[in-house]
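A short reminder: the numbers here are calculations on the coordinates, not readings from a lab. Since the structure is predicted, the reported quantities are computational estimates derived from the model, not experimental observations. As a convention, Cβ positions derive from the backbone with ideal geometry for all residues, glycine included, and neighbour counts pool all protein chains shown.
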Amino acid sequence: MFKLTIARKPYALFLLLALMSFVAAGCAGRPDQAAKSASPTPTPVPSPIPSPTPTSAGLTATPNSLNFGNQVVNGTSSQNVKLTNSGTAPVTITQDTLTGTGFSTGITTPMTLNAGQSANVGVVFSPKAAGTASGSLTLSSNSTSILTITLAGTGVNPTAHSVDISWNASSSSNVQGYNVYRGSASGGPYTKISPTLSVSTLAFTDTAPVSGSNYFYVVTAVDSNGLESAASNEANVTVPTP
C-alpha cells in the first residue's frame, strides 16, 4: 500500500501538467483564426450624392431692335417683339421702361414666362413732329434690368396726294350724270366724295386722300329721276407714304 501510493503521485502530476498544457494550447486557438480575428472590419463607403442641376432664366427678344422707318406725323405704325424665356427657370417681368418720343407699348406687368414660353409684345410709333426719333424698351425683374430693345423711327410731314378716277360712259340713254364714292374697306361702306357730275364728265380727282391709306372707289350713274344705278366695279388705290 505504501509503495503504490508513492508511485501514483508523479503520474497524477504528469497528467495534471499535460491537461493544463492542452487547455492552454486550446485557448490560444488556431494561428490562422487569430489572424483573421485581428483584421479590421472595412468601413462602408457612402454612395456619392448627385449635385443638383443649376437653373437659370434667360430672356431673349426677336427681333432685338425695331426700326419703324418713315411715319407720317400723327400717323401710327406698330410692330411686335417676341419675348422668349430660353432658360430653365421662370422669369417674371415686373417693370417696363420706355424712352424716346412717340413710342408706346401695350405690355402689362407683372408678366411671368416659364422655361421655353414665349409672348408677343406690341410697340407703337406715333410721331408728333417731323424728325428722327430713337429710344429703347427696357424690361426689368425686381429692379434688375434683364433685356433692352432699341427703337428708332422718323416722323415726316404729310405730302399732298391726289387720286384720279376715270370710267367708261354708261350705255343707258337716260343717264344724266355720275356720282363717285370712296371707302376704306373692300365692299364698302362708301362715302360720296363728288357732286353729281354731268353726263359728259367721265373723270374725277380725289384731292383729300391721306398718306399711307388704302382706298376703294366706285361710281354710280344717275338717271333723269335722280335714281342711281348699282355701283360699278371697285378700284383699289394705296396712297404712298409720305
For this session: Using just the alpha carbons, could you tell me how many Å³ per residue the convex hull of segment 58-212 encloses?
Result: 145 Å³
Exercise. Got a sec to turn the phi values of segment 110-120 into Karplus ³J(HN,Hα) couplings, 6.51 cos²θ - 1.76 cosθ + 1.60 with θ = phi - 60°, whole Hz, x for Gly and Pro?
Worked result: x, 10, 10, 10, 6, 4, x, 7, 10, 8, 8
Exercise. Counting Lys and Arg as +1 and Asp and Glu as -1, each charge on the Cβ, what is the dipole of segment 115-242 about the Cα centre in debye, to the nearest 20?
Worked result: 380 debye
Exercise. Check Leu147: other-chain or 5+ apart residues with amide H under 5 Å from its amide H, H built from backbone geometry?
Worked result: Leu139
Problem set entry | Ordering of 97-105, 186-194 by burial proxy (mean other Cβ atoms within 10 Å per residue, highest first) | 97-105, 186-194
Problem set entry | Whole-Å distance, taken between Cα centres, linking segment 97-119 and segment 227-242 | 40 Å
